[in-house]
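The values are calculated or read from the model by the stated rules, or taken from the named source; none is laboratory data. The model shown is predicted, which means the values in this text are computed figures rather than measured ones. A quick note on method: Cβ atoms are made from the backbone with ideal geometry, for glycine too, and the neighbour counts reach across all protein chains shown. Just the protein is used for accessible areas: all its heavy atoms, side chains included, with ligands, DNA and RNA removed. Shrake-Rupley method; radii C 1.70, N 1.55, O 1.52, S 1.80 Å.
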Amino acid sequence: MKKKMLLLNTTVLLGLGGVLSTPAYASTIQDMESQKSQIQNQRQDVQSNIKAASDELTRLQAEQDQMKAQLERLTLAEEENNKKAEKTEADIKETSKQVEQLEKEIKLLQEKLEKRNDILKDRARSMQESGGNVEYLQVLLGSSSFGDFVDRALAVSTIVDADRGILTETKNMQDELKTKQADVKSKLASLEDMKAELDEMTVQLAAQKKQKDALAKELKDKEAKNEELKASLQSKDSSLANEQSTLEQNIKDQKAAEEAARKAAEQAAKEAAKKAAEQAQKAAATPAEKADSSSAKAEAPKASSNDVAPTSAPAPKASNVVTVGNRWIGNSAYVFGGGRSQSDINHGLFDCSSFVHWAYSQVGVNLGPLGSVSTETLKHAGTQVSSSQMQPGDLVFFDTYKKDGHVGIYVGGGKFIGAQSSTGVAIANMSSGYWKQKFNGRVVRI
């Protein structure tokens, strides 16, 4: 009887063990978990690439925004310089007309003087023939030109009052016209120099704008490619996410099926054991022994966390006149006569002298009224020092379209910062090339 009971119990236990082991389920879940882990790793790589693409897009967009702002400044500078060029051209035409008019007046005066000269010579001959004053005759006949004659004749005290009046009036008219002619010609030369500089500046601005347009297009193309890459990566990530979700659901379903099978097996085993016990009890006619069950409680480990104290950013250092203008490098444009209004300054539109005035104002130094600042006022704003004693912060002057036509701030190392027509605010080398040739040795210490 005992043998029979042992055989029955062994059969029940073997059946229960076969149900609970479920090797097919375990293998399937393990494979799916492995696939899920691989997909998660792939998603991490893809998401890392998506973040890199997003960061690059942000950088490109910021660069493009900065480029657009600079293009707007260059366009505005080009418009302002074109207006000034047109006005200068009009001034040149008007001044040229004045020169032509004065030359006509001088020519008429010369013709008039020639007639007076003939009259005075005839009178001199008459005086000679009638035995007139020898000194007066020598003045008239010994002069090398009519102008020389006028100067000589006015010095002779024997000239009659009528002749002296004619000569004095004539000389005054002649001197006045020559002075006007010289002044107008000087103004015309200055305007022509200014026009030449404005023309050159317009060409440089157009070249800058063309270059920046090309760069803007390149940035736009990069942005489009990066957007395409980001979209492709996002699509791949979405596909992997779907695969991961499907696997997670399959794993969940498989685990649920396994749990259901395990519970069913346990229930079947219990029922079989109960039935076997009942049969054994009947066979042995003895009460069946009840088995005790025990359970263990597991205490979940407590999670620990470490707090990291935030670090504070270092306070920015104060700028000085040598570096305060760096903020405008790549963010400004040259406008002849610009930088003398808050609107110009807000848009980064300067000429050389207004930039120097602005830079010094940022460190608390007033270089006079902004509206009238020029290279002429700046060269008298401080103390002249030798170029061999030049130090950072000194003003340096260059002969461009006129003497002392350009000014900048020496930064050291043979370089200066200033608003140049070709670049806007920039640091330039004055120890070689163009600016070395134009540097005239004038250095002013504020």
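Close amide H contacts of Gly338 (hydrogens built in the peptide plane, cut-off under 5 Å, sequence separation of 5 or more or a different chain): Asp351.
Can you give me the Cα centroid spacing of region 177-234 and region 384-441 in angstrom? Taking the Cα centre of each part, region 177-234 and region 384-441 sit 22 Å apart.
For region 354-397, the C-alpha radius of gyration sits at 1.16 times the compact-globule guess of 2.2 N^0.38 Å, with N the residue count.
For region 347-442, a crude dipole built from +1 on the beta carbon of Lys and Arg and -1 on the beta carbon of Asp and Glu, taken about the Cα centre, is about 200 debye to the nearest 20. Cross-link pairs exceeding 32 Å between alpha carbons, from the set Lys225/Lys252; Lys68/Lys93; Lys87/Lys115; Lys187/Lys210; Lys36/Lys263: Lys225/Lys252; Lys68/Lys93; Lys87/Lys115; Lys187/Lys210. Measuring nothing but protein heavy atoms, the accessible surface of region 324-373 at 1.4 Å probe radius is 51 percent carbon and sulfur. Surface listing: Asp344, Asp213 arranged by accessible area from highest to lowest gives Asp213, Asp344, probe 1.4 Å.
Counting only lysines at least 8 places from Lys282 when in the same chain, those with an alpha carbon closer than 26 Å to its own are Lys2, Lys3, Lys4, Lys270, Lys274, Lys290.
Calculated accessible area for region 23-120 comes out at 63 Å² per residue, all protein chains present (probe 1.4 Å; ligands, DNA, RNA ignored).
A cut-off under 11 angstrom between Cβ atoms defines the neighbours of Lys255, and their net charge, with Lys, Arg +1 and Asp, Glu -1, is -3.
For Ala52, neighbours were defined as the other residues whose beta-carbon sits under 12 Å from its Cβ, and their charges (Lys and Arg +1, Asp and Glu -1) total 0. Charged neighbours of Asn429, selected by a Cβ distance under 13 Å, balance to +3 (K, R count +1; D, E count -1). Legend: calculated FRET efficiency, Ser245 to Gln61, from the Cβ-Cβ distance at R0 = 35 Å, rounded to 0.05, equals 0.60.
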